[in-house]
Amino acid sequence: MTGNTVFDYLLIGVFVAAVVSALSLIFIDAPYGRHKKGGWGPTINTRLGWVLMESPASLVFLYFFVVGDNNTSIVSLILLVMWQSHYFHRSFIYPFQIKVKPGDRVPVMVIFMGGSYCAINGFLNGSYISTYAEHLDDQWLTDPRFALGIILFCFGYYLNKKSDQILRDLRKDSTEGYKIPYGLGYKYVSMPNYLGEILTWTGFALAAWSLAGVSFVIFTMANLVPRAITNHKWYLETFSDYPKDRKAIFPKIL
């Protein structure tokens, strides 16, 4: 803990919210994509919704990073690049890459909840790195945890982005609806893009050696693991020829 009441209580709140989110998703399918349904209130344009939901993680992180005292160290700058390499893309590029049906919309409630978490997450990680992480000095450059974290981050980043690209290519110019994805991580699991995101932030948390980073990993898993299980079940029920040896998200395990 940092001694900053706002920071510490928000950090605890993320861990609590992760448990609540995981339990909720066991009984309620998140209303997006193939699981989209009515009854969630007003909606907005899907692409705009993605930008509004994801951009706070990029912008709030950047703000609290800049106003901190440790924002010029090499380690801190590397962590900034790692964070923004995902979230700048996720906020301002990915929404315009995905295939969206004309008139497609998403619930405002979902965008608000996701955007609120992204803002909190950006605050916790941005301010921790540039204000509270006294260990992130030049000596940390040679620490095995930093090196291993970067390697894990890069592997997860590649797996996440490449898996998303496989899905986009599968849907490109397609009028036949959903298809079975193949290649790379899809050989082992139904949702390698989710697995890649979990590995990405596990690597970031390790490189930063940060409890704020750990909270992000736990919250990410709390949201993505139940959704991966739901999607895996949908694939099995929808396609009679779906590979039976694939797991949902963790190869050979789940």
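Each value in this text was obtained by applying a stated rule to the coordinates, not by laboratory testing. Fair warning: this is a prediction, and the values are worked out from it, not measured in the lab. FYI the Cβ positions are ideal-geometry reconstructions off the backbone, even for glycines, and counts take in every protein chain you see.
A few points about this structure:
- Helix 46-66 axis, angle to the chain major axis (alpha carbon atoms, nearest 10°): 10
- For region 105-254, size of Cβ-based charge dipole, Lys and Arg +1, Asp and Glu -1, in debye: 640
- The phi torsions of region 72-79, fed into the Karplus equation with coefficients 6.51, -1.76 and 1.60 and a -60° offset, translate into couplings of 10, 5, 4, 4, 4, 5, 5, 5 Hz, rounded to whole numbers, with Gly and Pro shown as x.
- Projecting the Cα atoms of Val81, Leu170, Ile229 onto the charge dipole of region 5-238, computed from C-beta unit charges around the Cα centre, puts Leu170 farthest toward the positive end.
- Cα shape, region 138-212, gyration tensor, a/c 1.5 rule: prolate
- Model label zone, Asn4; criterion: amide N under 16 Å from point 7 Å along Cα-to-beta-carbon; scope region 179-212: 210-212
- For region 5-238, size of Cβ-based charge dipole, Lys and Arg +1, Asp and Glu -1, in debye: 1160
- Backbone N under 11 Å from the Phe155 label point (7 Å along Cα→Cβ), restricted to region 184-215: 199-200, 203
- In loop segments of region 113-180 as defined by DSSP, the trypsin sites (Lys or Arg not before Pro) with at most 10 further C-beta atoms inside 10 Å of their C-beta are Lys172.
- For Lys247, residues with placed amide H under 5 Å, excluding near neighbours: Val189, Ser190, Lys252
- Expected 222 nm ellipticity per residue - DSSP helices of 4 or more, -39500 (n - 2.57), all of the chain, to 500: -21500 deg cm²/dmol
- Highest-first packing order for the peptide set 45-51, 14-20 is 45-51, 14-20, based on the mean count of other beta carbon atoms within 10 Å.
- Helix 192-208 axis versus longest C-alpha principal axis of the chain: approximately 0°, rounded to the nearest ten.
- Stretched out straight at 0.36 nm per residue, the stretch from Val81 to Leu236 would grow longer than its current Cα-Cα span by 52.0 nm.
- Peptide packing: for 93-102, 241-250, the average count of neighbouring Cβ atoms within 10 Å per residue gives the ranking 241-250, 93-102, highest mean first.
- The amide H of Ile44, built 1.01 Å from its N in the peptide plane, has Val106, Val108 as neighbours under 5 Å, considering only residues 5 or more places off or on other chains.
- Whichever lysines have a C-alpha closer than 24 Å to that of Lys161, once near sequence neighbours (fewer than 8 apart) are set aside: Lys36, Lys99, Lys101, Lys172, Lys179, Lys187, Lys233, Lys247, Lys252
- Principal-axis tilt of helix 108-127 within the chain, Cα atoms, nearest 10 degrees: 30
- When peptides 226-235, 199-208 are sorted by average Cβ neighbour count within 10 Å, with the highest value leading, the order is 199-208, 226-235.
- Option label - Cα extents along the principal axes in Å computed here, alternatives (1) 57, 43, 33; (2) 54, 39, 33; (3) 63, 43, 42: (2)
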